Amino acid sequence: MSINNRYYFAFAWLACLFISACNPTPHTNQKNVFHLNISAGYLESIDPAFAKDLNMMWIDHMVYNTLLETDEHLHLIPSLARSWEVNENGLVYTFHLRGDVYFHDNVIFEGGKGRRMTAPDVVYSFNRIMDPKTASPGAWIFNGKVAETIPFVAIDDTTFQINLRSPFRPLPEILSMAYCNIVPHEVVEHWGKDFRNHPCGTGPFMFSYWDEGNVLNLLRNPHYWEHDSTGNKLPYLSAVQVTFVDSKATEFLLFRQGKIDFVNGIDGSFKDLLLSKDGNLKKEFKNKFRLEKSTYLNTEYLGFLTDTANPIMTDEPTRNPLVRRAINYAIDRQKIVTYFKNGLEIPATQGFIPAGMPGYDSSAHYGYNYDPAKALQLLAEAGYPNGKGLKPIKILVPNNYEDIVNFIASELQEVGITVNIELMQPNVLKQQMSKGKAVFFRAQWLADYPDAETYLVFFNSHYPAPQNYTRFSDPTFDKWYDESLNLPDTARWLLYRRMDSLAMSYAPVVPLYYERLAHLIQNNIIGFRSNPMNIIDITRVEVKK
């Protein structure tokens, strides 16, 4: 089916649905549709137990709700839970649920009408994530953290408890993850594995139609529980239409033609066309659409294997922390951001925790600035004056990051460090990193939830890869990590900074830049929001004509 025919079919089909199924409010009409494209070209599932990538998280956020959510400022806010508290020893979390939330109408329910969501639904949803039969990739969020017996308890219809093995203060942040969306047991059990394409939740939009790889349609949930500040029912939109054009160039063309309302990220093939070197939209485009930039919890970095007991490290110069620190000082991160990222990103000179995350210290002195003289000094201390005697270092690089690493190699050559680049498929590189066979590698660390613990676990020696790819090990760091898990927010964030500082002193990584979100949005789209996890929220979106 051609793109034009695909759009014609989808619009015609939606029009029929609107006539029969929608009850317009002052904020909705038959043309009030949000158009979104998923450039991956596919969607694996609409079952939150499998929400392991951003595309699934976006759709799940439209169809389901979690107990808690994270707003655009990384604050936890109530969703299905009105409030929550933790007991003194940090082992029992109690959540007080809303009593006015209903699942979407569904033929599986009695009379086809959505029933009320209750605490036993939360127990079922969380147990399902942990059940090996489900095979959820999100099982790790509870495994090893919750009590071995009866971890989840429904005290009554609106009171839910989680019992932990040991204190873990970032637990509320984890509950905002898409894996923790609440599902109805009878619909899940009826469809089994096919729940992936027969979803039913409590969210602002209901599943309507899915032609996989072509189009997905969601309709406004007329019984949604949220209201705006003036009492109007949400959402405002009549529907959401999702397409799956897998070319970023074609996606941008469709955006320019007004057929897509939003584009996530600016592809390298057209960033110079759109952006000035300071990361702003060029004047000729400002009256056509807008660029919204915001914090993104992602650190792009180079990593070193630090396990000196590994035979692969026997003759590697990077086993010496002085060499690793020299490499950190020899790289001009500002040039990377300016010339390769058009000024969109933030140079990573304040440690591994990214800008915007609680615990990040914008005034930190434990990161690395560009200082080639300091790099040469450290190399001399390591026994390699001006790089003399230093054997070439091989870096493993995903094949879509070659340009930046070529620049880094030239920077390192300036201080006498020779780097040989080996390109490979990202999944192959990840395997090498997990097996401890990548001595020096290019990677990124994206936050799983909005607490810096998700970055610092990267350096905890008690956790093997995929968290600790560098095999960094320090008993003081591990001790502080354990202490942080039962500290209140402010004290925990201060300790996080000490942990980040300690890890950076050994230079197991070279933080390159903290990424920022770049969203292109049509000027007639009002009320679009996203948070630093890049979870988009269209509940309050209106399409202005």
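The orientation-averaged shadow of the Cα convex hull for the chain, equal to a quarter of the hull surface, comes to 26.1 nm². Were the residues from Asp100 through Asn197 laid out at 0.36 nm apart, the gain over their Cα-Cα distance would be 32.3 nm.
Using C-alpha pairs under 8 Å with a sequence gap of at least 6, the mean separation divided by the residue count of the chain gives a relative contact order of 19 percent. Of the peptides 382-391, 191-200, the ranking by mean beta-carbon count within 10 Å, highest at the top, reads 191-200, 382-391.
Computed over neighbours whose Cβ is under 10 Å from that of Ile521, the net charge equals -1, Lys and Arg +1, Asp and Glu -1. Only lysines eight or more places from Lys133 in sequence, or on another chain, were considered; those with a Cα closer than 23 Å are Lys52, Lys145, Lys193.
The distance from the alpha carbon centre of the range 140-166 to that of the range 443-483 is 24 Å, rounded to a whole number.
The separation of the range 63-84 from the range 271-316, counted between C-alpha centres, amounts to 29 Å. Restricting attention to the range 296-517, lysine pairs at least eight places apart or on different chains and with alpha-carbon atoms under 23 angstrom apart total 9.
Look at the dipole of the range 296-517 built from charges on Cβ: of Pro385, Phe407, Ile421, the Cα furthest out on the positive end belongs to Pro385.
Per residue of the chain, what 222 nm ellipticity follows from adding -39500 (n - 2.57) for every DSSP H run with n ≥ 4, rounded to the nearest 500? Don't jump to the answer; show the numbers that get you there.
On the way: 15 runs with 145 residues, N = 545.
When only DSSP H runs of four or more count, the value is -7500 deg cm²/dmol.
When peptides 471-484, 201-214 are ranked by their average number of other Cβ atoms within 10 Å per residue, the highest-first order is 201-214, 471-484. With a cut-off of 13 Å between beta carbons, the residues surrounding Tyr469 carry a summed charge of +4, where Lys and Arg count +1 and Asp and Glu -1. Bridgeable aspartates and glutamates around Lys293 (alpha carbons under 13 Å apart, same-chain partners fewer than 8 residues away excluded): Glu72, Asp278, Glu345, Glu515.
What helices does the chain have that are whole DSSP H segments, at least 18 Å long along their own axis by Cα, and with mean Kyte-Doolittle hydropathy of 0.0 or more?
Helices meeting the span and hydropathy rule in the chain are 3-21.
Placing +1 on the Cβ of every Lys and Arg and -1 on the Cβ of every Asp and Glu, with nothing else charged, gives the chain a dipole about its Cα centre of roughly 1220 debye. Taking 22 Å as R0, compute the FRET efficiency from the Cβ-Cβ separation of Asp272 and Asn524 and round it to 0.05. Taking R0 as 22 Å, the efficiency between Asp272 and Asn524 is 0.25. Projecting the Cα atoms of His365, Pro464, Leu494 onto the dipole axis of the range 296-517, where Lys and Arg carry +1 and Asp and Glu carry -1 at the beta carbon, places Pro464 farthest toward the positive end. Taken about its Cα centre, the range 296-517 carries a charge dipole of roughly 420 debye when the Cβ of each Lys and Arg holds +1 and the Cβ of each Asp and Glu holds -1. Applied to the range 199-206, the Karplus parametrisation 6.51 cos²θ - 1.76 cosθ + 1.60 on θ = phi - 60° returns per-residue 3J(HN,Hα) values of x, 8, x, 10, x, x, 10, 9 Hz, with x for Gly and Pro. When the charge dipole of the chain is built from unit charges on Cβ atoms (+1 for Lys and Arg, -1 for Asp and Glu) and taken about the Cα centre, the candidate among Leu253, Pro321, Tyr506 whose Cα reaches farthest toward its positive end is Leu253. Averaged over residues, the count of other Cβ atoms within 10 Å places the peptides 53-66, 399-412 in the sequence 53-66, 399-412, highest first.
Only the coordinates and a few stated rules stand behind these numbers; no lab work does. Model, not experiment: these values are computed from the prediction. Quick reminder, even Gly has a Cβ in these numbers, built from the backbone with ideal geometry, and neighbours come from all protein chains shown.
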